[in-house]
Structure formats: C-alpha cells, structure tokens
1. Only one of these conditions is not met by Phe63: (1) over 21 Å from Val303 (Cα atoms); (2) within 16 Å of the ligand (Cβ to nearest atom); (3) in a strand (DSSP E or B). Which number is it?
2. Could you list all residues from the range 169-205 that are in a helix (DSSP H, G or I) and surrounded by 18 or more Cβ atoms within 10 Å (Cβ to Cβ)?
3. Looking at the range 88-164, what helices (runs of 4 or more DSSP H) fall wholly within it and have at least 2 residues that are small (Gly, Ala, Ser) and in contact with a helix residue (DSSP H, G or I) (Cβ under 6 Å, 6 or more places away or on another chain)?
4. Which numbered condition in (1) crowded, with 20+ Cβ neighbours inside 10 Å; (2) of a type outside the set (Gly, Ala, Ser); (3) in contact with a Cys (Cβ under 9 Å, 6 or more places away or on another chain) is the only one that Asn48 fails?
5. Of the residues that make up the range 207-220, is at least one assigned to a loop (DSSP other than H, G, I, E, B), surrounded by 20 or more Cβ atoms within 10 Å (Cβ to Cβ) and either within 13 Å of the ligand (Cβ to nearest atom) or modelled with pLDDT of 95 or more (or both)?
6. Filter the range 223-254 down to the residues that are under 17 Å from Asp266 (Cβ atoms) and part of a loop (DSSP other than H, G, I, E, B) and list them by number.
7. Considering each residue of the range 42-60, count those that are part of a loop (DSSP other than H, G, I, E, B) and among the small types (Gly, Ala, Ser), and give that number.
Amino acid sequence: MFEVTPATPLTEIRDPLILPFGVKLYVKRLDLNHLHISGNKWYKLKYNIEEMRGQGKDTLLTFGGAFSNHIAATAAAGKELGFKTIGVIRGDEHEQGKRNRTLEFAASCGMQLHFVSREDYRNRSSDEFIAQLKEQLGDFFLVPEGGSNLAGVKGCMEIANEISVPFDYICTACGTGATLAGLVLSLGEKQQAIGFSTLKGGEFLDDEVKSFIEEWHSANGSPVPSNERYNWTISHDYHFGRYAKVTKELEQFITAFESVNNIPLDHVYTGKMMFGLYDMIRTGYFVPGEVVVALHTGGLQGVKSAKNNT
Ligand SMILES: *Cc1c(COP(=O)(O)O)cnc(C)c1O
C-alpha cells in the first residue's frame, strides 16, 4: 500500500465568507488517503517503515500523547503491514482506568502501550532514556514523536506533487514543522508555503523547519537554495491560547465551515489553520487571483476521541 500514491480530492472552496476577496482556495483532502493511516502521517511513516525494513527490524517504537494522530496511524500501519509497534505514551495517569478512544484503537491494532510520566517523556530524545527503553522492551527501530525526522520530511516532499492545479501558496498546520519542511523542499521557485503553529510559544518551530531544510540538503550534499530561506513563513497568531485548546469562536467556525463546505475539520490542527487562513484572506494578505491550497492533514480520529470525552 505504501507504494501507491493515493489520489485524494482537491476541492475548491466557494464560501460566501471569502468569495468577495477573489482568492482561489482549494482544500487537498489528504485526510481521505486511508481510513486509519490518515493525512500527513501516512507520508511521514512511509520512508520510516522502508528504513526499518532495510535494517531488518520488525518492531517500530514511537512517542505520542494520549490523543496522538501519529500513535493511531503507526498502530494501524503495523497491523496492516505486519510489523510490531510500541507506543511510548506521555502521562502515566493513562495507565490506570478507562482508556480513551485513540489508545483503545492503538491497542486493538496490537500496539504495545508503554506509559511514562510527563517528566520522563521530556527525555525522549536522550541516549540514556532510549538505552533504558531498549533494555526494558527489546530492540526496535525508533521514530520520533509525530514521525518527524528526515525520513518523515522526505515523505512530505511528495505531497505538493499530488496537487493537480498550479498554485501560489500551500498551507499546513504545524506541530513539529516536519510537514512544512517537506513542502518547502518541494516547491517551485515562485511558490510559497505558510505554516500555522498550533502551539503557544511555538516560535522555536521556525528554527526546527530551518534545520530540517538544512539537514536535508546536507544529507544530499547540496547547498540550501536561496528561495528555501525565504519562501515560507509560520503564523503564530492562531493557536487559540495553547495546543489543543478549543474556544467557542473556533468551535463555531468549524461547525459553519463544515455546513457550508461539507468538509469536517479537527479542533487541534486543521480547524485552527483554516480559521487563520480565512482571517488572512479577509484582511488582505493575498492578492485577488492568487491560488491557495490548504492541506487537510487529517486528525479526525482525535475529534472522535475528544468527543467521547475520555
Ligand atoms: C501531526 C499533525 C500535524 C502536524 O504536522 P507536523 O509535521 O508535526 O508539523 C498537522 N495536522 C494534523 C491533522 C496532524 O495530525
């Protein structure tokens, strides 16, 4: 399945709220690429799984919060493609009592859940912590949180190629910045990328994206082309207070957007991006006639998990 590029719809948005501003807005429905390995996580896992197999390993260990889209996607990929998965989950309070829908789903796919305290979770990239995990859990191929490493970036470089119209801007929500980096690395000279940070105090994401881009070029022995320093930006204005926080205004926007355009958005990523994008369109950020593509990066499993309120 990872060998085939899914042809997901590109839908033009004809919403009276933005039509008067003359910007052509499309949504690329990456959320429809797979029932469970959905959105950008599909692209991020693709080359990680290939690399794991290349190393002859059959267990993939990764990290995430209790509602993580990446944990759900990794568990589903393991089940579908036949490798073992271990999810190191932030917060040992989830170990006891009722599990939320995301964790229940991951476990039902056969993922081994390993709960750690928030304090330990902060050490997730330290050699010592990883060595300790290996001692406890056996050997594994490690994929960082969000699937965000160079292999993940490489997968995301394929997204823009699947967009069948010429565009001026491409937009994505940002959690770690790996998806945005993949987009930047694959743009044409005149195209631009906009990321929408979902994190409060997410200014560090600018450096993260920059280092992914530099890392990519250094691994490929090429200098960073000058357009890749200037053809992207991250908006920090639409995190709504903090990661995963939902306000009434956001809730209302998402409900209205779905009823007008028939596209569901999630509250953590795509809802905030689209709110921000509408705001930028309406305040004149774009020139009339410009073509903007917004990525629907998925995340709808998290909505269901949150609505069950567990
Ligand atoms: C993980 C995720 C993102 C963030 O992607 P990054 O590459 O970490 O910036 C955006 N949207 C959705 C729906 C996600 O699940």
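1. (1)
2. Ala178, Thr179, Leu180, Ala181, Gly182, Leu183, Val184, Leu205, listed by residue number.
3. 150-156
4. Unmet condition: (3).
5. No, there is no match, as no residue in the range 207-220 is assigned to a loop (DSSP other than H, G, I, E, B), surrounded by 20 or more Cβ atoms within 10 Å (Cβ to Cβ) and either within 13 Å of the ligand (Cβ to nearest atom) or modelled with pLDDT of 95 or more (or both).
6. Scanning the range 223-254 gives Tyr238, His239, Phe240, Gly241, Arg242, Tyr243, Ala244, Lys245, Val246, Thr247.
7. Residues in the range 42-60 being part of a loop (DSSP other than H, G, I, E, B) and among the small types (Gly, Ala, Ser): 1 in total.
Conditions (1) within 16 Å of the ligand (Cβ to nearest atom); (2) over 19 Å from the mean Cα position of the chain (by Cα); (3) over 30 Å from Met273 (Cβ atoms); (4) crowded, with 17+ Cβ neighbours inside 10 Å, marked per residue:
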residue: Gly22; (1), (2), (3), (4): no, yes, no, no
residue: Lys57; (1), (2), (3), (4): no, yes, yes, no
residue: Ala72; (1), (2), (3), (4): yes, no, no, yes
residue: Gly82; (1), (2), (3), (4): no, yes, yes, no
residue: Asn123; (1), (2), (3), (4): no, yes, yes, no
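The values are calculated or read from the model by the stated rules, or taken from the named source; none is laboratory data. Because the structure is a prediction, the values reported are computed rather than measured. Please note: Cβ atoms are built from the backbone with ideal geometry, for glycine as well, and neighbour counts cover all protein chains shown.
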